[in-house]
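First the structure, in the form of structure tokens, and then the observations on it.
The values are calculated or read from the model by the stated rules, or taken from the named source; none is laboratory data. Remember, predicted model here, so these are calculated numbers, not experimental data. Ideal geometry is used to build each Cβ from the backbone, glycine not excepted, and the neighbour counts take in all protein chains shown.
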Amino acid sequence: MRKPVIAGNWKMHMTCAEAREYLSVFLPLVAHTPQDRNLVIAPPFTALSTVAESARDSHLRLSSQNVHWEDKGAFTAEVSPLMLLEHKVCYSIVGHSEPRKYYSESDEQINRRARSAQTHGLIPIVCVGESDEQRERGEAERVIRRQVEQGLEGIDSAKVVIAYEPIWAIGTGKTCESKEANRICGLIRDWVGFSDLIIQYGGSVKPGNIDELMSMSDIDGVLVGGASLDPKGFARIANFEYC
């Protein structure tokens, strides 16, 4: 049985004070959210402890926005899995399109991050997705399959989440048609060969399209960017209803 994961990625938003204010609005709105789904927020590293403390008595789970493959060392600006565990983190996003683009993260590095997360009991959320140009050239499936195969090498498929995030739909207002998103998620499941693999969709997810997306057969949750910054809007996403 695949349990959906509804995750909000705050990216470089929210001070600690803002995070507390956000949760004071958000947590009451999800207090009675059905237990058939996992709710996750990925704040910036500086707000991890604040969110952990504020959400201590709730069913909200915590994710980091990245994780390094070493436990410690001379890796300026990185964060180790041991540091994350100290703040009650359960998930770690790896391979998001922004680190891929801005910091030239390779599939090999992403795989090392994911394996490190799993080794320490964290659940990696491995992001994959094609650019607009790659889709236009008919390369989407080849690109995504490469990312999946290299990103999941040596990974336990029962303890990982894949997030399909077409790059052209992230922060653009464009949303991949639900049937197409579902088709790609189905292909990913087939490529991995594990029927219980949790696969999210990400890319301009909002309250207006969440119910349709979550009614698709192969979409097991969402990874939400901008829309997760509004506590009322993200609560509506968390409280989705199947069409």
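Listed by first and then second residue, the pairs linking a residue in the stretch 107-121 that is in contact (Cβ under 8 Å) with a residue 24 or more places away in the chain to a residue that is among the basic types (Lys, Arg) and part of a helix (DSSP H, G or I), with Cβ atoms under 6 Å apart and 6 or more places separating them unless they lie on different chains, are GLN118/LYS159. Checking GLN147, GLN134 one by one, the residue that is modelled with pLDDT under 95, assigned to a helix (DSSP H, G or I) and surrounded by 14 or more Cβ atoms within 10 Å (Cβ to Cβ) is GLN134 and no other.
Please go through the stretch 111-131 and pick out each residue that is part of a loop (DSSP other than H, G, I, E, B) and either among the charged types (D, E, K, R) or at pLDDT 95 or above (or both). Scanning the stretch 111-131 gives HIS120, GLY121, LEU122, GLY129, GLU130.
Please find, among SER157, SER215, the residue that is at pLDDT 95 or above, among the hydroxyl-bearing types (Ser, Thr, Tyr) and in contact with a helix residue (DSSP H, G or I) (Cβ under 7 Å, 6 or more places away or on another chain).
Residue meeting the stated conditions: SER157.
The requirement of being touching a Ser or Thr at 6+ places or on another chain (Cβ under 7 Å) and closer than 23 Å to ALA163 by Cα is fulfilled somewhere in the stretch 106-119, by at least one residue. In the stretch 25-45, the residue that is surrounded by the most Cβ atoms within 10 Å (Cβ to Cβ) out of those that are in contact (Cβ under 8 Å) with a residue 12 or more places away in the chain and in a helix (DSSP H, G or I) is PHE26.
Evaluating LEU82 against the criteria (1) under 29 Å from SER54 (Cβ atoms); (2) free of Cβ contacts under 8 Å to residues at least 12 places away in the same chain leaves one unmet condition, (2).
Taking the listed residues ILE184, ILE188, the one that is buried (at least 17 other Cβ atoms within 10 Å of the Cβ), in contact with a strand residue (DSSP E or B) (Cβ under 6 Å, 6 or more places away or on another chain), under 22 Å from ARG113 (Cβ atoms) and modelled with pLDDT of 95 or more is ILE188, with no other qualifying.
When THR50 is tested against (1) assigned to a helix (DSSP H, G or I); (2) of a type in the set (Val, Ile, Thr); (3) buried (at least 23 other Cβ atoms within 10 Å of the Cβ), only condition (3) is not met.
Within the stretch 82-117, the set of residues being closer than 15 Å to LEU152 by Cβ, of a type in the set (Gly, Ala, Ser) and crowded, with 18+ Cβ neighbours inside 10 Å comprises SER92, GLY95, ALA114, SER116, ALA117.
Please pick out the residue among GLU177, GLU130, GLU165 that is in contact (Cβ under 8 Å) with a residue 60 or more places away in the chain and closer than 25 Å to ALA227 by Cα.
Among GLU177, GLU130, GLU165, only GLU165 is in contact (Cβ under 8 Å) with a residue 60 or more places away in the chain and closer than 25 Å to ALA227 by Cα.
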